[in-house]
Every structure is written in C-alpha cells, then in structure tokens.
Amino acid sequence: LILEGRQVYTNAEPFSLHARVVGTPIPEASELVLATVDFFGVTNWLGRVKIPANTTDIDTQFTVPNSGAGYWYLTGLLRSRNHDLFQATRGLGSVIPLAPEDAMKNDKSIFGAWVGGNNTEIGAKWKRDYVWGNKMKIDEKGHITGHMPGVPAGLDSILHFTYIPQWLSSKPDDANFGKYPPRDWDAYGRYLEEVTKQTKANGFTIYEMWNEPNPYAYWLGSEADVVKIAEVTYKAVKKIQPDAKVLGPCPYGFTFDFIETFFKNGGTNWIDDVVLHTYTPIPADDYFLPGMRKLKELMTQYGLGDRSIYITEMGYSTPAVSERDMASNLVRVYVYGLSEHVKLIIWHMLQALDDKGDPGYALKLKNGMPRPAYVAYAAMTRVLEFADYQGVAPGLTGGQRGFDFVKRGATIRVAWDKSVVRGAKTSYTLKTEGESLRIIDLMGFESTLAPDGTGNCTVELGTDPVYLISTKH
C-alpha cells in the first residue's frame with residue numbers, strides 16, 4: 001500500500017492524493033480505509049474504497065478537504081474480511097501563504113534554516129555554508145580549489161571554516177589530519193586569505209572562525225590553539241575583507257568552561273561577535289533561556305556585553321523528543337531568541353540528507369514530506385517576520401509565558417504555559433476592550449474569539465505556543 005501526492009499545500013487548497021495497491025494479488029475482496037489524525041490528535045474518517053479480489057494494481061484518487069492551515073497524519077489501512085493486510089502513513093502540511101511584504105529581504109530577520117531544501121518555503125531568510133579544508137586541493141602553482149559556495153539570491157548566509165588542509169596539517173598522515181593545528185600558522189593564514197578572496201567575490205560578509213572547536217569534536221589540538229585559530233582567521237579575513245564580521249568561538253552548546261577559557265585566553269580580541277550552537281532535548285524554557293542569560297553575563301564580564309549573539313545551529317531531534325515537542329520547542333526557541341535580542345538562529349536541519357532511519361533534526365524528509373515542525377516554522381514566520389519585539393506580556397501567572405510584538409498596526413502576543421502537562425490548560429485573560437481576538441495556533445490555523453461580558457477575552461494556554469492578535473491588548 002502506497003500513499004502518494006503533493007505533501008505541502010496552502011490553506012485554500014484541498015489535498016489531492018492517490019492510494020496505490022501493488023504487488024502480490026490479494027485473493028479475497030478487501031477495502032481501503034482512510035483517515036487523518038491532526039497535530040492535536042483529532043481523527044477524521046475519510047471513507048472506504050472497495051478493492052476486488054485478485055487485484056494486482058489499483059490506483060485510487062481521492063480528495064481530502066482542507067479546513068485551513070495545519071498538519072495531518074494520513075493513514076490508509078488495507079483490510080480483508082478477517083484481518084488487516086497493509087498500512088501506510090504519510091504527513092500532510094497546509095501552510096498560510098506568505099504575504100509578499102513578508103517575503104522581502106529583511107536585514108533584521110532572526111529566521112534561518114540549513115541544510116537541504118528551500119529556505120523560502122518556510123520563510124527563512126538565513127542559511128549557512130562552509131569551506132572544509134580537508135577537501136581543498138592545491139596545484140603545483142599554488143592555486144587552491146574546492147567547494148567555494150556563494151550566497152543564494154534573496155538570502156543572507158554565514159560561512160564557516162572547518163578542518164586544516166592536508167598539506168598544512170601538523171599530522172598529514174593521520175586519518176583526522178584536518179582536526180590538528182597547522183604545521184605553519186603563517187601558511188594557514190595565507191591559505192585563508194586566498195579562500196577569502198573567493199568567498200568575498202561570492203557575496204559572503206560574515207565568517208565563523210571554525211565549526212565546533214571544542215575538544216574533541218572538530219578539534220584535536222589544545223584550547224590555546226583555538227585562540228590561535230581565531231587570531232589567524234581574524235587577521236586573514238580582515239586583510240582581504242576589512243568590513244567583514246568574524247564570529248567565534250562556535251562551541252556545540254552552552255559549554256561555559258570552554259567559552260570562558262576562550263575569552264580568558266584572549267579570544268575576545270579576535271572576534272567581532274559571539275557564535276555558538278545550542279542543541280538539546282531539554283525544553284527551551286529550562287535550557288535555552290537560562291543558557292542565553294548566563295552567556296550574556298559571561299560576555300559582559302569579559303567586555304563583550306555590547307556584541308551580538310549568533311546561533312548558527314539549533315535543533316530538537318526525534319526520537320529524543322516527540323514530533324509534537326519538537327514543533328513546540330522550535331517556536332519557543334525563536335520567541336526567546338527575539339526576547340533576548342539574538343541576531344539570528346539557523347535551524348538544523350531543513351531537509352534530511354537521506355531516507356535511512358529516524359529523520360532526527362530534519363523539518364522534512366528526504367522525499368519532501370513535511371513534519372509538524374516544518375508547518376510550525378512556516379506559521380511562525382508568517383506571523384513574526386518583520387514584527388518588532390515590545391516586551392514581556394503582563395498578567396501572566398504560574399508557568400505562563402507571553403511576549404508582545406507589533407507588526408503593521410497589530411499587536412501580537414505569543415503565549416504558552418510551560419508548567420502544565422500536555423493536554424492540560426490554564427486560563428489567561430487579555431484586555432481587548434470589546435474587540436474580538438484572532439487566535440493562530442501552533443500549526444497556523446486561525447480562529448476568532450469574541451469578548452466576554454467584561455469586554456475582554458479569556459484564552460486557554462497549554463504547552464504549545466499560540467499567537468493572539470488584536471489592536472488593543
């Protein structure tokens with residue numbers, strides 16, 4: 001049993017799909033039962049299709065009504081009179097069309113995604129690329145060749161350097177030659193100058209000194225040598241491209257001992273802004289926000305309090321978290337990032353690189369099928385791109401969290417309750433002065449709530465963020 005068809009729709013289009021039964025003939029009459037289960041667990045039975053006995057290949061086209069933006073798991077069950085035969089499941093996403101004004105370039109956008117796929121589908125404005133020294137070659141005339149990426153049209157992009165070229169490595173015969181310090185730091189600097197000439201011509205203006213140089217991820221030298229990498233990279237890039245930004249130290253998490261050692265050993269002299277990765281299975285409320293605040297305290301302590309923070313990799317991975325928690329935490333991370341004035345967050349990853357095993361961090365599968373976090377990302381950018389952060393929302397109690405934004409005359413409050421178990425709700429009242437409230441849920445579905453007898457609106461908050469939009473609160 002195979003379910004086929006487009007996988008992402010706008011919220012005005014019905015789903016047009018195919019169910020194919022192929023392979024060994026089924027000896028008795030059977031039926032195909034179709035149903036969808038939405039992101040919030042509501043089941044919708046679509047109907048049954050009769051399959052004659054001895055069918056070897058049948059292609060049934062069917063249409064699923066689209067009630068608006070959202071996410072559904074479509075399941076087909078092929079069953080005979082006595083038992084189930086085959087089952088297939090696929091994801092379907094319906095997203096709000098991106099407004100033309102929100103699709104425009106935005107130098108202040110925080111939204112990024114990498115690797116794979118098309119950023120513009122979900123409204124992301126940033127991506128990331130690399131120059132991997134271990135894959136670079138040098139000819140007899142000293143010309144360096146290899147992967148020299150360019151900035152895609154309509155996007156901004158950051159470039160990171162990783163690995164020492166084999167001809168410069170202090171351990172060229174080691175299988176991990178690219179993770180060791182260079183045998184000659186001046187030669188490594190000249191290599192970076194040559195690379196920067198090309199990447200500058202290709203449109204890059206922001207560089208990361210290295211990718212995750214924590215011992216022993218992408219680095220097998222000392223922590224003192226990490227500072228040396230920053231110095232050599234900073235000088236080489238600035239020599240060729242004085243107005244470029246150089247970021248560091250780019251650890252793989254809130255590894256504060258590593259970050260403070262880098263700052264203490266002089267790394268602050270060789271970076272313009274701070275960059276890091278923030279992977280975790282821990283909820284954003286309990287990991288990302290406390291981590292950001294501690295990082296900012298450390299930056300202030302070492303004279304970097306006025307510098308920007310870039311997060312060039314962030315993600316939640318299944319099965320460490322559920323698909324639903326992945327989507328919920330994605331929005332929380334970006335809202336917390338906006339509230340803490342993070343420069344950008346690049347979600348890793350947009351599309352899975354293969355179809356083997358669990359897709360992990362990916363927002364959609366290799367075949368293009370979206371996951372709930374993909375739809376949540378698209379809904380978020382439709383609401384929050386070009387929105388200006390205003391501050392923490394008033395009237396919150398217990399575990400309730402809320403943050404206010406303004407966008408083209410509308411007030412947007414993003415709110416959730418971090419302390420309740422999934423499925424539980426707490427009440428929250430907004431002073432809307434008699435105005436109805438637009439509510440957009442995590443998957444982008446929009447509804448309207450009329451004011452109560454006091455002229456205000458009371459909403460129920462759960463673990464998943466919702467967007468509350470009016471002109472009064």
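The values are calculated or read from the model by the stated rules, or taken from the named source; none is laboratory data. Quick caveat: nothing in here was measured; it's all calculated off a predicted structure. In this analysis, Cβ positions are derived from the backbone assuming ideal geometry, glycine residues included, and neighbour counts consider all displayed protein chains. Remember, those area values only see protein heavy atoms, side chains included, never the ligands or the DNA or RNA. Shrake-Rupley method; radii C 1.70, N 1.55, O 1.52, S 1.80 Å.
For region 287-323, how many residues are out of contact with any helix residue (DSSP H, G or I) (no Cβ under 9 Å at 6 or more places or on another chain) and part of a helix (DSSP H, G or I)? Counting residues in region 287-323 that are out of contact with any helix residue (DSSP H, G or I) (no Cβ under 9 Å at 6 or more places or on another chain) and part of a helix (DSSP H, G or I) gives 5.
When you go through Ala224, Ala244 one by one, which is the residue that is small (Gly, Ala, Ser), open to solvent by 40 Å² or more (accessible area, probe 1.4 Å) and either touching a residue at least 40 places away in the same chain (Cβ under 8 Å) or over 22 Å from Met299 (Cα atoms) (or both)?
Ala224
Quick check on region 110-119. Is at least one of its residues in a helix (DSSP H, G or I) and under 28 Å from Tyr334 (Cβ atoms)? Scanning region 110-119, I find at least one residue that is in a helix (DSSP H, G or I) and under 28 Å from Tyr334 (Cβ atoms), so the answer is yes. Any residue in region 248-256 that is farther than 24 Å from His341 by Cβ, out of contact with any strand residue (DSSP E or B) (no Cβ under 9 Å at 6 or more places or on another chain) and at pLDDT 95 or above? Scanning region 248-256 turns up no residue that is farther than 24 Å from His341 by Cβ, out of contact with any strand residue (DSSP E or B) (no Cβ under 9 Å at 6 or more places or on another chain) and at pLDDT 95 or above. Residues that are at positive phi and open to solvent by 20 Å² or more (accessible area, probe 1.4 Å) were ranked within region 343-393; the one that is modelled with the lowest pLDDT is Gly357.
In region 179-197, which residue that is farther than 11 Å from Thr233 by Cβ and in a helix (DSSP H, G or I) is most open to solvent (accessible area, probe 1.4 Å)? Restricting to residues being farther than 11 Å from Thr233 by Cβ and in a helix (DSSP H, G or I), the top hit is Arg190. Wholly within region 10-81, which strands (runs of 3 or more DSSP E) include no fewer than the required count, namely at least 1 residues that are of a type in the set (Asp, Glu) and in contact with a helix residue (DSSP H, G or I) (Cβ under 6 Å, 6 or more places away or on another chain)? So the answer is none; nothing clears 1. Would you confirm, using the coordinates I've provided, whether Ile311 is open to solvent by less than 30 Å² (accessible area, probe 1.4 Å) and in contact with a Ser or Thr (Cβ under 7 Å, 6 or more places away or on another chain)? Criteria met by Ile311.
Which residues, counting only those in region 404-456, are in contact with a helix residue (DSSP H, G or I) (Cβ under 9 Å, 6 or more places away or on another chain) and among the aromatic types (Phe, Trp, Tyr)? Selection gives Phe405, Trp416, Phe445. Test Val342 against the stated conditions and say whether it is in a loop (DSSP other than H, G, I, E, B) and under 24 Å from Tyr252 (Cβ atoms). Judged against the criteria, Val342 is a match.
Checking each residue in region 37-94 for being at pLDDT below 90, hydroxyl-bearing (Ser, Thr, Tyr) and under 13 Å from His18 (Cα atoms) picks out Thr60, Thr63. Quick check on Pro359: is it within 23 Å of Phe40 (Cα to Cα) and out of contact with any Cys (no Cβ under 8 Å at 6 or more places or on another chain)? Spelling it out, Pro359 is indeed within 23 Å of Phe40 (Cα to Cα) and out of contact with any Cys (no Cβ under 8 Å at 6 or more places or on another chain).
Screening Gln87 with (1) within 27 Å of the chain's Cα centre (by Cα); (2) in contact (Cβ under 8 Å) with a residue 60 or more places away in the chain; (3) surrounded by fewer than 17 Cβ atoms within 10 Å (Cβ to Cβ) gives one miss only, at (1).
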